[in-house]
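Taking it in order: structure first as structure tokens, then the write-up.
The values are calculated or read from the model by the stated rules, or taken from the named source; none is laboratory data. All values reported here derive from a predicted model rather than from experimental measurement. Because the Cβ atoms are built from the backbone with ideal geometry, glycine has one as well, and the counts that use them run over all protein chains shown. Side chains included, ligands, DNA and RNA excluded: accessible areas come from the protein's heavy atoms. Shrake-Rupley method; radii C 1.70, N 1.55, O 1.52, S 1.80 Å.
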Amino acid sequence: MTFNSADHKILVVDDEAAICELIKHLVVHEGYEASTASGVDEALEKLADDEYSLVISDINMPHKSGIDLLEYLQNNYDKRIAVLMVTAIDDRSVAIKTLEMGAYGYIIKPFDRNELLINVANALHRLQLEIDNYRYSEELEELINERTEKLKLAELEVRASREETIYRLAKAAEFRDNETAQHTIRMGYFCGTLAKEAGMSDDLSESLRLAGPLHDVGKIGIPDTILLKPGKLTAEEFETIKKHSEIGYRILSDSKSDLLNLGAVIAYTHHEKFDGSGYPRGLAGSEIPVSGRIAAVCDVFDALTSDRVYKAAMTVDESLAIMKEGRGSHFDPHLLDCFIKCLPQIMALKMKFVDG
Ligand SMILES: [Fe+2]
Ligand SMILES: [Fe+2]
């Protein structure tokens, strides 16, 4: 910003009228606008009425001193006014102290014209720089806030669309099955809740909530004649159904997305049993990834407690009794215990995402 003395108004504060008038005369002659005050109280009134860039103040005045005025300006004008102190020679140490308090400079009486004007010009230049700097950082901060806000929104959109993609993919598989779309949603929430209860981090639990619905995505690859067959399946047909684990894994694995990779692991391992009697690989105990062990508990519970075309829902007690029989054989015993502990939350989710 270019410097123009006419843009700056100066307030001269001194209890000696002659000094006030002298300083005023010198700065007005230089093109500045100026007014005077004979003490701090009058100065405060003038400051309230008009906008000043610079205050030139005596230090020793009756009642309130120039230091009081400086302190007031520092506290109330947020560095938008420059202050120069004027003092007698024997007050030099006080004058130096005022610099620490935020004064831009000091002039020792008696002073000559040039000394005063150089100090005034310097103070106003510095003020302008500080104001520009302040505005620049404010604008920068605003810009950063704006960008951050936009990034957050973009991230939310990406999350939402990612979640929707997963959900629709899962739905595509479930539509061909007797299971419902609500089952896939519940699976996600159950898995997330059980993960949390088992002590997993918030992030991992949320990932399980998002990836859980993909457990049966491989059913896309099972022929309708088998998948929708109303009667009992032959042994051969059951072998075909079992392939949905591996097909799901093949659909989802080797993705750049951690979530789809997690979905792949869940699809591959949700029918493994803790004692090694499950499928497709007959993994046992901790060989089965914990996400698969979690999905196994949640999937069986939701299947048992839901109506299907071929069976009515069991009560929660009946279902849990059956599941407890599988504690340590079908299910990871610790995870089954955790599931029972968080049953109230599970039941609330079951009510919330009830089959339509
Ligand atoms: Fe399955
Ligand atoms: Fe399922």
**Q.** the chain: angle of helix 202-211 to the longest principal axis, Cα-based, in degrees nearest 10
**A.** 50
Q) Tilt of helix 343-352 relative to the longest C-alpha principal axis of the chain, in degrees (0 to 90, nearest 10)? A) 90
Q) Just from its helices, what would the mean residue ellipticity at 222 nm be for the chain, if runs of 4 or more DSSP H residues each count -39500 (n - 2.57) and the sum is divided by every residue, rounded to the nearest 500 deg cm²/dmol? A) -19500 deg cm²/dmol
Q. If exposed trypsin sites (Lys or Arg not before Pro) are those in a DSSP loop with at most 13 other Cβ within 10 Å, what is the longest stretch of the chain that has none?
A. 80-231
Q. Counting only protein heavy atoms and using a 1.4 Å probe, what share of the accessible area of the range 5-141 belongs to carbon plus sulfur, as a whole percent?
A. 49
(Q) With a 1.4 Å probe and all protein chains kept in place, how do 202, 14, 68 rank by accessible area, largest first? (A) 202, 68, 14
Q. Largest first, how would 54, 26 line up by accessible area (1.4 Å probe)?
A. 26, 54
Q) Once Lys and Arg get +1 and Asp and Glu get -1 on their Cβ, which of 88, 98, 144 lies farthest toward the positive end of the dipole of the range 77-157? A) 88
Q) If Lys and Arg each add +1 and Asp and Glu each add -1, what is the summed charge of the other residues whose beta carbon sits under 12 Å from the beta carbon of residue 155? A) +2
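DSSP loop chymotrypsin sites (Phe, Trp or Tyr not before Pro) in the range 306-352 with at most 14 other Cβ atoms within 10 Å of their Cβ, which ones?
Here the chymotrypsin sites (Phe, Trp or Tyr not before Pro) that fit, given the DSSP loop and packing criteria, are 310.
Restricting to Cα atoms and excluding each atom paired with itself, what does the Kirkwood estimate give for the chain in Å?
26.6
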Q.
Can you bin every Cα-Cα distance in the range 165-251 into 10 Å intervals starting at zero and give me the percent of pairs per bin, rounded to whole numbers?
A. 18, 42, 29, 10, 1
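Quote the convex hull volume per residue of the range 82-129, based on C-alpha atoms, as a whole number of Å³.
Taking the convex hull of the Cα positions in the range 82-129, it is 51 Å³ per residue.
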Q: Search the structure for amide H atoms under 5 Å from the amide H of residue 36, placed 1.01 Å from N in the peptide plane, and list their residues when 5 or more places away or on another chain.
A: 12
(Q) Tell me the Rg and the Dmax, in Å, that the Cα atoms of the range 175-352 produce. (A) 15.2, 43
(Q) So for the range 5-141, considering every pair of alpha-carbon atoms, how many percent are separated by more than 21 Å? (A) 36
Q: Could you calculate the contour length gain from residue 322 to residue 45, that is, 0.36 nm times the residue separation minus the distance between their Cα atoms, to one decimal place in nm?
A: 91.1 nm
Q.
If I model a spin label as a point 7 Å beyond the Cα along the Cα-Cβ vector, how far apart are those points for residue 345 and residue 68 in nm?
A. 6.3
Q. Which lysines have a Cα lying under 29 Å from the Cα of residue 46, excluding residues fewer than 8 positions away in the same chain?
A. 9, 24, 64, 79, 97, 109
Q) On a 0 to 90 degree scale, rounded to 10, what angle separates helix 258-269 from the longest Cα axis of the chain? A) 20
Q | Average accessible surface area per residue within the range 5-141, 1.4 Å rolling probe, Å² | A | 54
Q | Entries in 219/341; 171/256; 196/242; 150/350; 152/219 that, when Cα-Cα distance is taken, lie over 25 Å | A | 219/341; 196/242; 150/350; 152/219
Q | 319, 161, 255, ranked by accessible area, largest first (probe 1.4 Å) | A | 161, 255, 319
